[in-house]
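Asks: I am attaching a structure below and will ask some questions about it afterwards.
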């Protein structure tokens, strides 16, 4: 669960949970998690990855906070909750499967979603709220994705086209109606715990 330590100097009085991370993410419906898990079950034997994520851990990261001091985390949470107070839920649909890293040996295998502007609007509100709270966040453009597996370990080169053919991912529609602050528990399965949920208006 991590070790609590007190930071000295300028941040005296702040407490940080070591060996854990926090992030804001869009929560996926259980039926979408179950569907993606069924897809990955078809892929595992032919495409060996070091880790296939537990279906409970599927999500779309909106802002990664890292090892967050409690006062900053509380501030960010209050700001995000305020910014999303009048945001309505919205529809999304699954896109295709993709990868991050080398094409022949990806470090991340993911499922995409359609490029819905509402998703980007909400992500910007969450991201900017965290910046305003004092976090230094990744400046790379937002690329919404659902991580399925990490670190390809196959002896033969990886083929994304083969994965896409085997997975035959359907254009499943779903309602995006929750954002949550998650905490990472390293070594556990599932690894991510929702510690605060912000519902979107229906």
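Asks: Quick test for you: out of 190, 141, pick the one residue that is free of Cβ contacts under 8 Å to residues at least 24 places away in the same chain, within 15 Å of the chain's Cα centre (by Cα) and not in a helix (DSSP H, G or I). Show your work before the answer.
Replies: Details: 190 fails: free of Cβ contacts under 8 Å to residues at least 24 places away in the same chain.
Of the residues listed, the single one that is free of Cβ contacts under 8 Å to residues at least 24 places away in the same chain, within 15 Å of the chain's Cα centre (by Cα) and not in a helix (DSSP H, G or I) is 141.
Asks: A further question on this structure: Does residue 119 fit the bill of being modelled with pLDDT of 95 or more, surrounded by 13 or more Cβ atoms within 10 Å (Cβ to Cβ), touching a helix residue (DSSP H, G or I) at 6+ places or on another chain (Cβ under 7 Å) and not in a loop (DSSP other than H, G, I, E, B)? Even if it seems obvious, please write down each step before you answer.
Replies: On the way: modelled with pLDDT of 95 or more: yes; surrounded by 13 or more Cβ atoms within 10 Å (Cβ to Cβ): yes; touching a helix residue (DSSP H, G or I) at 6+ places or on another chain (Cβ under 7 Å): no; not in a loop (DSSP other than H, G, I, E, B): yes.
The answer is no for residue 119.
Asks: In segment 102-116, what count of residues is obtained for those that are over 16 Å from the mean Cα position of the chain (by Cα) and over 23 Å from residue 31 (Cα atoms)?
Replies: Summing the residues that are over 16 Å from the mean Cα position of the chain (by Cα) and over 23 Å from residue 31 (Cα atoms) in segment 102-116 gives 5.
Asks: Right, here's the next one. Counting just the residues of segment 24-38 that are in contact (Cβ under 8 Å) with a residue 40 or more places away in the chain and within 16 Å of the chain's Cα centre (by Cα), which one comes out farthest from residue 58 (Cα to Cα)? Let's see the steps before the verdict.
Replies: Taking segment 24-38 and keeping what is in contact (Cβ under 8 Å) with a residue 40 or more places away in the chain, we get 24-29, 31-32, 35-36.
Next cut, within 16 Å of the chain's Cα centre (by Cα) only: 24-29, 32, 36.
Values: 24: 13, 25: 10, 26: 10, 27: 8, 28: 7, 29: 10, 32: 9, 36: 9 Å.
Only one residue fits best here, namely 24.
Asks: Anything in segment 146-184 that is part of a loop (DSSP other than H, G, I, E, B), touching a strand residue (DSSP E or B) at 6+ places or on another chain (Cβ under 6 Å) and surrounded by fewer than 16 Cβ atoms within 10 Å (Cβ to Cβ)? List them, or say none.
Replies: Residues satisfying the conditions are 153, 171, 172.
Asks: Taking segment 20-53 as the region of interest, how many residues are in a strand (DSSP E or B) and under 22 Å from residue 195 (Cβ atoms)?
Replies: Taking segment 20-53 as the starting set, the residues that turn out to be in a strand (DSSP E or B) are 22-27, 49-52.
Filter once more, so that each one left must be under 22 Å from residue 195 (Cβ atoms): 22-27.
The total comes to 6.
Asks: Residues that are buried (at least 16 other Cβ atoms within 10 Å of the Cβ), more than 18 Å from the chain's Cα centre (by Cα), touching a residue at least 60 places away in the same chain (Cβ under 8 Å) and not in a strand (DSSP E or B): does segment 85-101 have at least one?
Replies: Within segment 85-101, the subset buried (at least 16 other Cβ atoms within 10 Å of the Cβ) is 87, 92, 94-95, 97-99.
After this cut, where a residue has to be more than 18 Å from the chain's Cα centre (by Cα) as well, the list is 87.
Still in the list and also touching a residue at least 60 places away in the same chain (Cβ under 8 Å): 87.
Cutting the leftovers down to not in a strand (DSSP E or B) gives us 87.
Yes, because at least one residue in segment 85-101 is buried (at least 16 other Cβ atoms within 10 Å of the Cβ), more than 18 Å from the chain's Cα centre (by Cα), touching a residue at least 60 places away in the same chain (Cβ under 8 Å) and not in a strand (DSSP E or B).
Asks: With farther than 23 Å from residue 176 by Cα, touching a residue at least 40 places away in the same chain (Cβ under 8 Å) and in contact with a strand residue (DSSP E or B) (Cβ under 9 Å, 6 or more places away or on another chain) as the only criterion, which of 81, 136, 104, 132 stands out?
Replies: Working: 81 fails: farther than 23 Å from residue 176 by Cα; 136 fails: touching a residue at least 40 places away in the same chain (Cβ under 8 Å); 132 fails: in contact with a strand residue (DSSP E or B) (Cβ under 9 Å, 6 or more places away or on another chain).
Step by step, each of 81, 136, 104, 132 is checked, and only 104 is farther than 23 Å from residue 176 by Cα, touching a residue at least 40 places away in the same chain (Cβ under 8 Å) and in contact with a strand residue (DSSP E or B) (Cβ under 9 Å, 6 or more places away or on another chain).
Asks: If you take the residues of segment 54-63 that are under 8 Å from the mean Cα position of the chain (by Cα) and assigned to a strand (DSSP E or B), which of them is farthest from residue 112 (Cα to Cα)?
Replies: Across segment 54-63, the extreme among qualifying residues is 62.
Asks: Which members of segment 64-73 meet the condition of being buried (at least 18 other Cβ atoms within 10 Å of the Cβ) and in a helix (DSSP H, G or I)?
Replies: 72, 73
Asks: Scan segment 74-84 and give yes if some residue there is touching a helix residue (DSSP H, G or I) at 6+ places or on another chain (Cβ under 8 Å), farther than 30 Å from residue 161 by Cβ and either outside any helix (DSSP H, G or I) or modelled with pLDDT under 95 (or both), otherwise no.
Replies: yes
The values are calculated or read from the model by the stated rules, or taken from the named source; none is laboratory data. Model, not experiment: these values are computed from the prediction. Positions of Cβ are generated from backbone atoms using ideal geometry, with glycine treated the same way; all protein chains shown enter the neighbour counts.
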